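Down below is the structure, laid out as structure tokens.
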Amino acid sequence: RSFAKYGEFILGDIADENLLDLIFTNYNVEAVMHFCAYIEVGESVKDPNKYYKNNVSNTITLLNAMLKHNVKYFVFSSTAAVYGMPERIPIKEDDPKAPINPYGKSKYMVEQILEDYDQAYGLKSIRFRYFNAAGADESLEIGEAHEPETHLIPLILDAACGVRESVKIFGTDYDTKDGTCIRDFIHVNDLADAHIKGLEYLMSENKTDYFNLGNGSGYSVREVIEKVKEITKLDFKVEETGRRPGDPAYLIADNEKARKILNWQPKYDLEDIIKTAWNWHRKLRKDFCRKK
């Protein structure tokens with residue numbers, strides 16, 4: 001609720017058809033940006049029903065409410081997980097889609113549904129395939145706060161703060177420059193900018209499309225850990241353990257399509273991402289970090 005700075009905040013569930021009907025009736029809605037979903041890969045493997053029900057079935061409920069009220073524009077948060085184990089790096093939008101877990105499958109199912117809804121009903125959509133979203137707003141009003149935390153940079157910052165005893169590296173024998181996984185990190189402000197540009201494009205061109213959202217450069221897990229140590233000037237324990245099933249060695253976006261068509265230009269590099277995340281983390285974990 002505190003994050004809703006502009007406009008009215010309504011607490012509800014997209015599975016609630018009556019609430020959706022009320023909202024679309026009472027407000028002059030022209031477009032929907034759909035961010036809500038379950039996102040934990042491991043949990044999706046253990047409880048796929050939870051993911052298919054929320055991420056797929058409930059999204060269909062939302063789409064049908066849009067159709068009922070003649071709302072024709074939809075911006076969807078998808079994921080690089082739709083590519084599964086990529087055949088080449090960097091990954092282009094038209095590369096094969098072969099998700100390997102229910103989370104990735106649920107997102108790709110919605111992507112396919114959106115294609116069908118365009119053909120059948122004329123509902124136009126933009127699908128943004130996020131790579132590793134990270135960082136925090138520079139005003140420190142919004143940042144990452146997952147429970148439980150599973151994202152790499154907040155986990156490393158927790159170790160730097162002393163919230164956790166160590167950070168784990170899952171796999172040190174990948175065919176990469178230092179044996180650890182390579183990932184493409186994109187700042188949340190750059191993501192927000194892409195969504196604005198994407199919606200403008202969608203409404204002006206009236207065309208369904210899809211875009212990768214990543215910086216286009218990759219950093220290894222070890223490099224991220226070392227950059228955190230450099231920025232925070234703190235040392236912490238790093239544990240090395242075995243690979244996690246399904247972790248690709250590389251995930252790097254080819255973002256040329258978004259740059260060219262949307263005139264989108266990511267502005268934050270890894271150092272900026274970690275600095276904003278660290279400033280937010282010190283606020284979030286102030287009872288721990290103030291001792292550092």
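The values are calculated or read from the model by the stated rules, or taken from the named source; none is laboratory data. Note that the coordinates shown come from a computational prediction; the quantities given were computed from them, not determined experimentally. Please note: Cβ atoms are built from the backbone with ideal geometry, for glycine as well, and neighbour counts cover all protein chains shown.
Summary of computed values
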read-out: Options Lys50, Lys107; residue that is touching a residue at least 12 places away in the same chain (Cβ under 8 Å), within 25 Å of Pro148 (Cβ to Cβ), touching a strand residue (DSSP E or B) at 6+ places or on another chain (Cβ under 8 Å) and assigned to a helix (DSSP H, G or I); value: Lys107
read-out: Sole exception among (1) surrounded by 17 or more Cβ atoms within 10 Å (Cβ to Cβ); (2) part of a helix (DSSP H, G or I) for Lys97, by number; value: (2)
read-out: Close pairs (8 angstrom Cβ cut-off, 6 or more residues apart or separate chains): closer than 15 Å to Glu40 by Cα and free of Cβ contacts under 8 Å to residues at least 40 places away in the same chain in segment 145-162, surrounded by 13 or more Cβ atoms within 10 Å (Cβ to Cβ) and of a type outside the set (D, E, K, R) anywhere; value: His146/Pro154; Glu149/Leu155; His151/Asn132; His151/Ala134; Leu155/Val167
read-out: Filtered residues of segment 20-47 (kept if in contact (Cβ under 8 Å) with a residue 60 or more places away in the chain and touching a Pro at 6+ places or on another chain (Cβ under 7 Å)); value: Ser44
read-out: For Lys229: the one exception among (1) assigned to a loop (DSSP other than H, G, I, E, B); (2) farther than 16 Å from Gly135 by Cβ; value: (1)
read-out: Among the candidates Lys283, Lys207, residue that is touching a residue at least 60 places away in the same chain (Cβ under 8 Å), part of a helix (DSSP H, G or I), of a type in the set (D, E, K, R) and exposed (fewer than 15 other Cβ atoms within 10 Å of the Cβ); value: Lys283
read-out: Residues located in segment 24-44, provided they are among the hydrophobic types (A, V, I, L, M, F, W, C) and either under 18 Å from the mean Cα position of the chain (by Cα) or over 23 Å from Arg127 (Cβ atoms) (or both); value: Val32, Met33, Phe35, Cys36, Ala37, Ile39, Val41
read-out: Search result, residues across segment 130-170 that are part of a loop (DSSP other than H, G, I, E, B), at pLDDT below 95 and touching a Ser or Thr at 6+ places or on another chain (Cβ under 7 Å); value: Ala136, Glu138
read-out: So Gly179, is it in contact (Cβ under 8 Å) with a residue 60 or more places away in the chain and of a type outside the set (A, V, I, L, M); value: no
read-out: Residue match in segment 117-125 (condition: in the same structural domain as Asn54 (by TED's automatic domain parsing), part of a loop (DSSP other than H, G, I, E, B) and touching a residue at least 24 places away in the same chain (Cβ under 8 Å)); value: yes
